[in-house]
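The values are calculated or read from the model by the stated rules, or taken from the named source; none is laboratory data. All figures in this text were calculated on a predicted structure; none of them were measured in a lab. Reconstructed Cβ throughout: ideal geometry from the backbone, glycine too, with neighbour counts over all protein chains shown. Heavy atoms of the whole protein, side chains included, go into the accessibility calculation; ligands, DNA and RNA do not. Shrake-Rupley method; radii C 1.70, N 1.55, O 1.52, S 1.80 Å.
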Amino acid sequence: MIEPGLTSFAAIVVAGGQAARLGGADKASIEIRGRTLLEHTLDAVIDAGEVVVVGHQVPTERPVTFVVEDPQYGGPVAGLLTGRDSLLRTFPWLAVLAVDMPFVTASTIRRLHEAAVGHDGAVLASPEGRRQLAFVVDTARLDQVRPDLEAQHGHPLWPMLDQLDLEVVPALAQEHRDVDTWTDLRDLADDEDSPT
């Protein structure tokens, strides 16, 4: 296994879903405490050597590459692998993060890296044990288990990742919380521990 380091990974931000429960709103542009969900997410991957956002282009202060899977709305596997294939350089590790998890921080990503040593990667889990779309994975091992192009669209994420040895990392405090509905957004905005 490759020893992870803070300069040895790229980040893929998955932001291209249909957000049906949010009436089709662009999650990346939704604001919480005066900053967009994408801005919070980019802060979490500040240590990445390169960042690809899978979703529609929105203004950012940090240079990132925006891509959209073809055909669009192909699901998390298609988004993840489109992002992976859009990297300009090869990195030994990938950090993958959904755009709607504003409590994930750079410290979260560092904990995932530390837990990934000796494994194929590490994944953040909720207090109930549900794995989140927040993980670090060995790029070469991901390439070994990826489906072919035709099978990527509509393919569920966890059957692919279940082929890998991913260490489960329990979420601290609110790290596991995400924004799937307007109620989620309201609750996060009202939370005293919400990102600022």
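As a length-normalised measure over Cα pairs under 8 Å and 6 or more apart, the relative contact order of the range 106-155 settles at 26 percent.
Work out, step by step, the length gained on full extension between THR90 and VAL145: first 0.36 nm times the residue separation, then minus their alpha carbon distance; give nm to one decimal.
On the way: separation 55, 0.36 × 55 = 19.80 nm, distance 1.73 nm.
Stretched out fully, the THR90 to VAL145 stretch lengthens by 18.1 nm.
May I ask you to give the solvent-accessible area per residue for the range 54-182, in square angstrom, as obtained with a 1.4 angstrom probe? Intermediate values should be presented prior to the final figure.
Details: 5880 Å² over 129 residues.
Normalised by residue count, the accessible surface of the range 54-182 is 46 Å².
Phi angles of the range 164-172 translate, via the Karplus equation with coefficients 6.51, -1.76, 1.60 and θ = phi - 60°, into HN-Hα couplings of 9, 8, 9, 6, 8, 10, x, 5, 9 Hz per residue; Gly and Pro are given as x.
Legend: P(r) of the range 86-177 from all alpha carbon pair distances, 10 Å bins from 0, whole percents, reading 16, 48, 31, 4. Ranked by the mean number of other Cβ atoms within 10 Å of their residues, highest first, the peptides 31-38, 154-161, 74-81 fall in the order 74-81, 31-38, 154-161.
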